[in-house]
Structures are given as structure tokens and as C-alpha cells.
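Participant: Take a look at the following structure, please.
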Amino acid sequence: MSILHTVAPAARTRGLSLQLYGYLLLLPALCFLLLFTHYPALATVWESLFSAARSGHAPQFVGLDNYRALLDDDIFMLSLRNNLLYAVITIPLSVVLALMMALAVNRRLRGNAMTRAAFFIPSLLPMVAIANLWLFFYTPQLGLLNKVLALFSLPAVNWLGEPGTALYSLMAVSVWREAGFFMIFYLAALQQIDPRLAEAAQTEGASKRYFFFRVQWPLLMPTTLFILINASMNAFRIVDQVIAMTSGGPNNSTSLLLFYIYRTAFSYWDLPAASAMTVVLLVILAAIALIKFNLLDKRAHYQ
């Protein structure tokens, strides 16, 4: 009995020591997380509750006035609508194209390595290089796209100079760039699927279409959820592409939310208004993540 009383405190002390050791291992990462993620988010919320410092006057606490002002800001509302449209179109196209590319290169064919590299290279290029490349394609009269139109006797289009086509032209660049990056995740997930499932389906006479929708697609759901979350964040944090290609024009038709936040903060120097917009952006991203987790996580088959 005395031995049990002696061993129990020793085991408890050893367990607490291991737990403390684990927390100490997590401490550096936790400090970086708090310093560079949580503290900036809380500081942004706090900043959004004050007025801008102008003409030597100190900022004043204004509560939710900056958020109310956003409802009357026509450019902000236009940027928000542009960004929602941008996300609704680019996210499904990027995911579907990435899946098709992964299925195409997931076969033992000659030249597969070169094809995979060709699909993936656009995601490695810096945005400045991508912007200059596509500016050459979109150049009025002399651009590659207008040269192709001229072959069919069609009129030239000012792709980035017309409000009706500028935003969709940016979307095409984003889909072209992101699909290859998402393809890598789908390809890795496809290669993790047991090949015996395909052999069994082939033995039973199942078509490739039936095998994809009944076997592969459900097993790819965790990867799809991960890609959708990343694609959503990418769609709402795009700014360098807008700066390099259109600067928000023409007539703010390509002004997206993060670009307008950047311009408000560093061109107009209205940091409280930019902070309020940033909080709205964070709320939108959190809502999208929660909706996707609630809708898709229950359908995911984790191994």
C-alpha cells in the first residue's frame, strides 16, 4: 500500500513535467503566433474605433462610426461587389481546372513529368513577371489575343481598358496562375488512393465516370476542402496583380477589397477607415471558412 502511495505522486509529477516540457516546446511558435497574428488583428479592431489624426489633432474615439461610413462609401461597396464576383467565378474555375489537370497527369504516360512542370510553373513565377506577360497578351491592337481575333476578322478589344472586360481579364490571370498550384495537392491525394480500388472497379465493369464520382471524388473531399479555403483567402487578398495591371481602373471596375484598403491606408492615410475595412474582410473570410467547414467537413472521409 505504501508503495502505491509513493508511486502515484511520482507518476503525477512526471506527467506534469512532461506537460510543462511540451508547453515549453510550443512557446516559441505560440509567441510568434500571438505577436504576428492575434495582436495585429486586435490592434486593427481597436484602431477602427478611432478617428484619423488630422492637422495635429489626436485621434478621437468614435465607436462604430467608421463602419457606418463604409455603408455610404460607394467605392468600398463597389470593391466589395467586385471581390465577391471575383471569388464566385475564380474559385470554382480554379478548383475544377486543377482537378482536371491532376487527373490528366495522374497516368503513366510518356512526358508526364514535363506536363506536370508546365502546369505548375505559372504558380512559381513572381506576380510582376506574370503581369508583364499578360499585359503583352492584353495590349490593344498589338496584343496576342487581338492578333488571334484579327485572324477571324473580329474587332480588337481593349481588354484592360473597358469596364466590362477588365475584371474578367484579371480573373483569367488568377485562374491560370492558381490552378497549377492546386493541381499539386490533388495529384498527391490521387496518388494516395489505393490502386486496388481501381482494379476492383475495373473488374466489376464500372465506368471511369462512375469510379470517379463514387470512389475518387469522396476520397478527395478533404483535399477539396483545404483547396477551397486557400482559394477563398487568395481571392480576397489579391492586391499586387491589381496594382501591376490596372491600378483599380477603369472607373474602379477592377478595384478589389484589399486593393482599396491598401489605397485608403497608404494613399489617403486614413488608417482607421482602412482598419474598419480590414475587420470587414476578416469577418467575410471567417464566415466563408465556417460555411465551408459546416457544409463539406461532414462529407469528408478522413483516413
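The values are calculated or read from the model by the stated rules, or taken from the named source; none is laboratory data. Here the structure is a predicted model, which means the values were calculated and not measured. When we count neighbours, we look across all protein chains shown, and the Cβ atoms used for this are built from the backbone with ideal geometry, even at glycine. Only protein heavy atoms, including side chains, enter the accessible area calculation; ligands, DNA and RNA are left aside. Shrake-Rupley method; radii C 1.70, N 1.55, O 1.52, S 1.80 Å.
Participant: Among all residue pairs at least 6 apart or on different chains, which show Cβ distances below 9 Å where the first residue, located in the stretch 14-42, is over 30 Å from Val280 (Cα atoms) and the second is surrounded by 10 or more Cβ atoms within 10 Å (Cβ to Cβ)?
Facilitator: Tyr23/Leu30
Participant: Looking only at the stretch 152-182, count every residue that is small (Gly, Ala, Ser), surrounded by 14 or more Cβ atoms within 10 Å (Cβ to Cβ) and part of a helix (DSSP H, G or I) and tell me the total.
Facilitator: Number satisfying all stated conditions: 6.
Participant: Return the pair list, or none, for Cβ contacts closer than 6 Å from residues in the stretch 182-202 that are farther than 12 Å from Ile227 by Cα to residues that are in a helix (DSSP H, G or I) and not basic (Lys, Arg), at least 6 apart or on different chains.
Facilitator: If the second residue must be in a helix (DSSP H, G or I) and not basic (Lys, Arg), the pairs left are Leu187/Ala102; Leu190/Ala102; Ile193/Leu219; Leu197/Val215; Ala201/Phe211.
Participant: Output the number of residues of the stretch 90-118 satisfying the condition of being open to solvent by 70 Å² or more (accessible area, probe 1.4 Å) and more than 24 Å from Pro195 (Cβ to Cβ).
Facilitator: Of the residues in the stretch 90-118, 2 are open to solvent by 70 Å² or more (accessible area, probe 1.4 Å) and more than 24 Å from Pro195 (Cβ to Cβ).
Participant: Okay, moving on. Filter the stretch 119-136 down to residues that are part of a helix (DSSP H, G or I), surrounded by fewer than 16 Cβ atoms within 10 Å (Cβ to Cβ) and of a type outside the set (A, V, I, L, M), then give me how many there are.
Facilitator: 2
Participant: Here's a follow-up. Across the stretch 137-151, which residue is farthest from Thr246 (Cα to Cα) among those that are open to solvent by less than 70 Å² (accessible area, probe 1.4 Å) and touching a Phe, Trp or Tyr at 6+ places or on another chain (Cβ under 7 Å)?
Facilitator: Taking the candidates together, the pick is Leu145.
Participant: For Ser153, indicate whether it is small (Gly, Ala, Ser) and within 28 Å of the chain's Cα centre (by Cα).
Facilitator: It is false that Ser153 is small (Gly, Ala, Ser) and within 28 Å of the chain's Cα centre (by Cα).
Participant: State which residue is surrounded by the most Cβ atoms within 10 Å (Cβ to Cβ) when the search covers only the stretch 252-275 and only residues that are touching a Leu at 6+ places or on another chain (Cβ under 6 Å) and in a helix (DSSP H, G or I).
Facilitator: Checked the stretch 252-275; the qualifying residue surrounded by the most Cβ atoms within 10 Å (Cβ to Cβ) is Leu257.
Participant: For the condition in contact with a Leu (Cβ under 8 Å, 6 or more places away or on another chain) and over 30 Å from Asn106 (Cα atoms), what is the one hit in Val279, Val242, Val283?
Facilitator: Val242
Participant: Looking only at the stretch 195-251, how many residues end up being assigned to a loop (DSSP other than H, G, I, E, B), open to solvent by 60 Å² or more (accessible area, probe 1.4 Å) and more than 30 Å from Asn132 (Cα to Cα)?
Facilitator: Number of matching residues: 3.
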